[in-house]
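The values are calculated or read from the model by the stated rules, or taken from the named source; none is laboratory data. Model, not experiment: these values are computed from the prediction. Using ideal geometry, Cβ is built from the backbone for each residue, glycine included, and neighbour counts are taken over all protein chains shown. For the accessible areas, the whole protein counts, side chains as well, though only heavy atoms, and no ligand, DNA or RNA atoms are used. Shrake-Rupley method; radii C 1.70, N 1.55, O 1.52, S 1.80 Å.
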Amino acid sequence: MTDSLDPTDWDAFRAEAHRLLDSSLDRLEDARNRPWRPVPQEVRAGYRLGDDEPGQTTAEIVDALQDRMMPYATGNTHPRFFGWVHGTGMAEGILSEMVAATMNANCGGRDHGMVYVEREVIDWTRRQMGFPVDTSGVLVTGTSQATVIALQAARVRALTHVRTTGQAIRLTAYTGAGVHNAARKALELLGIGNDNLRLVPTTDAGLDIDALSARIAADRAAGATPFALFGTAGSVDFGRYDDLNALADIAGDQGLWLHIDAAFGAWTRLAAAPYRQLTDGMGRADSMACDFHKWMAVPYDCGIVLIRNEAEHRAAFAARPAYLTGMDSGLAGGDPWFCDYGVDLSRGNRALKVWTAIKAHGTAKLGRTVTANCERAAQMGALVTAAPQMQLAAPVVSNLCVFTADTRLSPDAQSTLNMRISQDLQNAGVAVFSTTLAEIGGASVTCLRAAITNHRTTPEDVEIAIAAVAGAAGHA
Ligand SMILES: *Cc1c(COP(=O)(O)O)cnc(C)c1O
């Protein structure tokens, strides 16, 4: 008797697997009745891993997965989940993830089907984003990792020998308000330091070009090397979009690498007017990052980085020690390998779930879900505006709606109220709003924030959610 990890009784395993598939499907079909629930103490206790785990039967494991794991997710499959920016998944994810687990492909490179599928996904995305035909790309965990990869490519372009010698020169990057923390983190990880991300003032017309030029000149005079400009297409706070054509012009004039963070906002490119036009100019960037796991409803995790110049992408990461030598044919063929485009050598099969999502629903329908979400945010904005006590913190431009529940209170009292409402509605399983700081009447207030990336959300859901806010605020 050998200790293979295969089932000893495949027929029994098959029956248990079918049972779990059915309960997974049941759960997703009933997503509307399954909001976030806190994990009960006794369930959490059952997660414990002992030093000498004895092993369990398939039936016991299926029970644990079904009863003690599946019910306690983030709740983002629920139609009134609007918190942070969460994708809501899709039923086809069950199919593609099942097959991905069966195949267990290592997508770091070599010559096999999933490499070709990933290339198709990258090329489809490239076309949607308006990037040129020889653009390079790689699927990654998400926009955070994509940002690191893009900035490393920018850094290697600015400092040709940095991979060998490390960085002695001070690099500076520039961005406007609304930049996501992923940019700071990436600069920290690359040893550039987040002090060197210069926050440039914005005007109503976008980034203040004069202020930016002055800042770049001052940094140059001080001996620094300006290397990158960060644009945001869909800011995490208000869903705002920078004027990407204007940024491309400045980046060109100043010789900066233009990177666009379009984590969720990229997908308005599939939507109807006026949302579709928000990202005009995207294809002029040196790189862009976005997520499939947010607005494209692909199961976590999956993002992508696109880099206009393949040679610059490769220069930042490629390294093939002897044990990774490629061949003309056989399994060691298939050049280029994705490990030459990013941090990971071993890589999971992210491509299959994206490919399945696009094939199953088609580009037009995916675009309609994006348009509908923007319309739901506009509807929420209209309900807020119509409620005498409530007030928007910013105009609704895409899929985000940020507001205070009672503008008659002091700023502190508004913050306290909004935080309480977000918790009450989450705990009651009614709706999930997150919170963020915004200006209301010139003061800083913790506001309620809805980012609608949820294909299950109906107009009634928005009505229910805003009525619940009004109820929790004590409005008659
Ligand atoms: C979510 C988000 C990120 C980070 O992306 P992850 O996929 O969570 O790593 C970056 N920028 C914006 C605008 C985001 O919404």
Might you let me know whether the range 99-116 holds any residue that is within 25 Å of residue 455 (Cα to Cα) and out of contact with any Cys (no Cβ under 6 Å at 6 or more places or on another chain)?
-> yes
Report, ordered by the first and then the second residue, all pairs with beta carbons closer than 7 Å, sequence separation of six or more or different chains, a first member in the range 385-400 that is in contact (Cβ under 8 Å) with a residue 60 or more places away in the chain and within 17 Å of residue 371 (Cα to Cα), and a second member that is open to solvent by 10 Å² or more (accessible area, probe 1.4 Å) and assigned to a loop (DSSP other than H, G, I, E, B).
-> 397/240; 400/238
In the list 220, 215, 198, 184, which residue meets the criterion of being assigned to a helix (DSSP H, G or I), within 26 Å of residue 400 (Cα to Cα) and not acidic (Asp, Glu)?
-> 184
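Matching residues to (1) at pLDDT 95 or above; (2) of a type in the set (D, E, K, R); (3) open to solvent by 60 Å² or more (accessible area, probe 1.4 Å):
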{"residue": "118", "(1), (2), (3)": "yes, yes, no"}
{"residue": "121", "(1), (2), (3)": "yes, no, no"}
{"residue": "141", "(1), (2), (3)": "yes, no, no"}
{"residue": "205", "(1), (2), (3)": "no, no, yes"}
Residues satisfying the stated conditions in the range 159-183, i.e. surrounded by fewer than 17 Cβ atoms within 10 Å (Cβ to Cβ) and within 16 Å of the ligand (Cβ to nearest atom) | 177, 181
For residues in the range 435-460 being surrounded by fewer than 18 Cβ atoms within 10 Å (Cβ to Cβ) and among the hydroxyl-bearing types (Ser, Thr, Tyr), which is nearest to the chain's Cα centre (by Cα)?
-> 458
Test residue 372 against the stated conditions and say whether it is within 27 Å of residue 461 (Cα to Cα), among the small types (Gly, Ala, Ser) and open to solvent by 20 Å² or more (accessible area, probe 1.4 Å).
-> yes
Applying the selection to the range 375-409, what residues are among the hydroxyl-bearing types (Ser, Thr, Tyr) and open to solvent by less than 50 Å² (accessible area, probe 1.4 Å)?
-> 398, 404, 407
Whichever residue in the range 264-292 is among the hydrophobic types (A, V, I, L, M, F, W, C) and part of a loop (DSSP other than H, G, I, E, B) and, among such residues, is nearest to the ligand (Cβ to nearest atom) | 264
Only one of (1) more than 16 Å from the ligand (Cβ to nearest atom); (2) open to solvent by less than 30 Å² (accessible area, probe 1.4 Å) fails for residue 191. Which number is that?
-> (2)
Would you tally the residues in the range 451-468 being touching a helix residue (DSSP H, G or I) at 6+ places or on another chain (Cβ under 6 Å) and within 27 Å of residue 410 (Cβ to Cβ)?
-> 2
Quick one: how many residues across the range 302-336 are surrounded by 17 or more Cβ atoms within 10 Å (Cβ to Cβ), more than 25 Å from residue 355 (Cα to Cα) and in contact with a Gly (Cβ under 7 Å, 6 or more places away or on another chain)?
-> 1
Evaluate the following for residue 198: is it among the basic types (Lys, Arg) and out of contact with any strand residue (DSSP E or B) (no Cβ under 6 Å at 6 or more places or on another chain)?
-> no
Quick one: residue 295 ticks every box in (1) under 29 Å from residue 100 (Cβ atoms); (2) more than 15 Å from the ligand (Cβ to nearest atom) except a single one, so which number is it?
-> (2)
